[in-house]
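**Student:** Below are the structure tokens for one structure; questions will follow.
The values are calculated or read from the model by the stated rules, or taken from the named source; none is laboratory data. Values in this document were obtained by computation on a predicted structure and should not be read as measured data. All Cβ positions, glycine included, derive from the backbone under ideal geometry; neighbour counts span all protein chains shown.
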Amino acid sequence: MTQTEISTILNVDDDAAGRYAKSRILKRAGYQVIEAGTGADALRLVKETQPQLVLLDVKLPDINGLDVCRTLKNDPDTKHIMVLQISASYTTTPDRVLGLTSGADTYLTEPVDVTELLATVQALLRLYRREEENRRLLAQLREADRQKDEFLATLAHELRNPLHPIRGAVELLRLKQDLDPELRLSRDVIDQQVSHLARLVDDLLDVARITRDKLELQKQKLSLTDILNSAVEASRTFLQSHGHQASVALPPGTVQLEGDLVRLTQVFVNLLNNAAKYTPEGGKIWVSASVDGERVNVSVKDSGIGIASDELPRLFEKFYQVDSSLERSGSGLGLGLSLTRRLVELHGGTMEARSEGLGKGSEFVVSLPILPQSATAQASEQPGSALNEDTGHWRILIVDDGPRTREMYSMLLRKRGHEVEAAPDGRTGIEAVERFRPDVVLLDVGMPGLNGFDTCTRIRELPAGKEIVCIAVTGWAQDEIQQRVDESGFDGILVKPAGVQEILQLVTQLIEGKQMRPTCVNHAITAEEQASR
Ligand code: ADP
């Protein structure tokens, strides 16, 4: 394609003779020329003909040439058109400066040498073509990016469909008693891998949603404890499978914030899972929080592989992975941190990554706005009231010969943020007391072998057993067994069936009676605990 084929020049001059002379020169050089004698005509013709260049006289009868230039350069539809400002009247350096600062791409004064005029026109058209090529590439990139987002969203939706029945099949297998060990193993592997796949797909969907501004938060008043507990709970199995020890320390009182529980949980699950992935087996993970004015800073720190300082700024980019080789630790798409930071930002927060270098562990700090006076409100509102999720988190040992009871209550209490262990009989219960050091023991009374009364007596004889809150859990009416309960050293009785709220209310009353301080959540996941599960 030759330049004369594509180059149209609008020649704007109110002086007919001057306009004619310049048009002639340009036409002879092979350009297509259109003409205007006023500013208004010039603006109209630019819109109609989209020339590549406007040769623009400064002095026009209606609109000043500088204003015509400003209008063209401020309009997104015309700002790419080259403007060569030309004047016989305004010829000083300040005039030229004013022309250029009004947006002209160059400024010539008359009389102008023909060769200089043509060389300048050629230079501007070269620039125009280069910019046009850049604009075309940018539009292509934007389109490719849009198609990629659309593809990711469709892919994620499509991948979810087959995951759904697989999950259903696993649930069905779970209902089957006496499953062959090989089948049970296969079921658990499928379950685990489906969960992993679902997480990846969820990340993809979320990123696509965020990119298209489609992610909506369901905000409500939340306590930080709830958020962190649900995150630790969700990551527990993953942390355990890597043999890591995790601990959580929260500031005293209740820290409340306005947010989406699911999304904020996702933030800390991502950070905990990353900490687990990028820390060699048996490492340490610390979660801690501190209130700083109107914000709470939550840190997730690990003793893992660390991050080189030059990588830190890039971590939050979409699809960025420090080590994308096949041998890298962990697996993922490189979306977690970009998604996490975006979710934090949607809550008005900020996020930062720190590391002292490779091999020196990493720390991710999330800073979120908190509700005013949230650190003290809860405690003073309801002194001595029934336990709710915010009053304390305890280590609870369930000793019960019923596996379903152990399983169900462990699950329910963990869901409320407590650390729970379960033992199937009195003897293992006593061992667990020494090792797990619970704050509370829920002790079934009627158990084969060592019954609950005798188990409680033995627990009281242990050095670690004096301060523990021991609760008899029984199907017997209270008045029938009260005396034996007192004699065995129990602090209270729960009559079956007892709901989890009822259990926690009694636990709180008894703990307050013993004046034990509600501890920071401390989900130390020990090797023993892991082994015992
Ligand atoms: P993914 O884990 O899927 O690769 P992320 O966005 O979650 O993606 O993390 C991006 C990269 O940041 C990871 O590939 C890893 O290199 C690095 N990274 C994230 N968390 C940690 C951590 N706790 N310790 C060391 N490196 C980390």
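**Student:** Among (1) assigned to a loop (DSSP other than H, G, I, E, B); (2) within 16 Å of the ligand (Cβ to nearest atom); (3) of a type outside the set (Gly, Ala, Ser); (4) closer than 13 Å to HIS347 by Cβ, where does LEU215 come up short?
**Tutor:** (2)
**Student:** When you scan the stretch 78-103, how many residues do you find that are under 21 Å from GLN32 (Cα atoms) and part of a loop (DSSP other than H, G, I, E, B)?
**Tutor:** 4
**Student:** Out of ARG295, ARG263, report the one residue that is closer than 26 Å to ALA198 by Cβ and either more than 11 Å from the ligand (Cβ to nearest atom) or more than 16 Å from the chain's Cα centre (by Cα) (or both).
**Tutor:** ARG263
**Student:** Something else now. Whether any residue in the stretch 336-345 is assigned by TED's automatic domain parsing to the domain that holds VAL255, modelled with pLDDT of 90 or more and surrounded by fewer than 16 Cβ atoms within 10 Å (Cβ to Cβ) is what I want to check.
**Tutor:** Looking for residues that are assigned by TED's automatic domain parsing to the domain that holds VAL255, modelled with pLDDT of 90 or more and surrounded by fewer than 16 Cβ atoms within 10 Å (Cβ to Cβ), one finds at least one in the stretch 336-345, hence yes.
**Student:** Which one is farthest from the ligand (Cβ to nearest atom), of the residues in the stretch 266-292 that are polar (S, T, N, Q) and surrounded by 20 or more Cβ atoms within 10 Å (Cβ to Cβ)?
**Tutor:** GLN266
**Student:** Which of the residues that make up the stretch 273-289 are under 20 Å from the mean Cα position of the chain (by Cα) and outside any loop (DSSP other than H, G, I, E, B)?
**Tutor:** ASN273, ASN274, ALA275, ALA276, LYS277, ILE285, TRP286, VAL287, SER288, ALA289
**Student:** Testing ASP302 on (1) more than 7 Å from the ligand (Cβ to nearest atom); (2) crowded, with 22+ Cβ neighbours inside 10 Å, one condition comes back false. Which one is that?
**Tutor:** Evaluating ASP302 over (1) more than 7 Å from the ligand (Cβ to nearest atom); (2) crowded, with 22+ Cβ neighbours inside 10 Å leaves (1) as the failure.
**Student:** Could we say that LEU118 is at pLDDT 85 or above and within 24 Å of ILE25 (Cα to Cα) here?
**Tutor:** Considered against the rule, which asks whether it is at pLDDT 85 or above and within 24 Å of ILE25 (Cα to Cα), LEU118 comes out as yes.
**Student:** From GLU480, GLU502, GLU467, which residue is in a loop (DSSP other than H, G, I, E, B), modelled with pLDDT under 90 and either surrounded by fewer than 15 Cβ atoms within 10 Å (Cβ to Cβ) or assigned by TED's automatic domain parsing to the domain that holds ASP425 (or both)? Walk me through how you get there before you give the answer.
**Tutor:** Numbers: GLU480 fails: in a loop (DSSP other than H, G, I, E, B); GLU502 fails: in a loop (DSSP other than H, G, I, E, B).
Unique residue meeting the criteria: GLU467.
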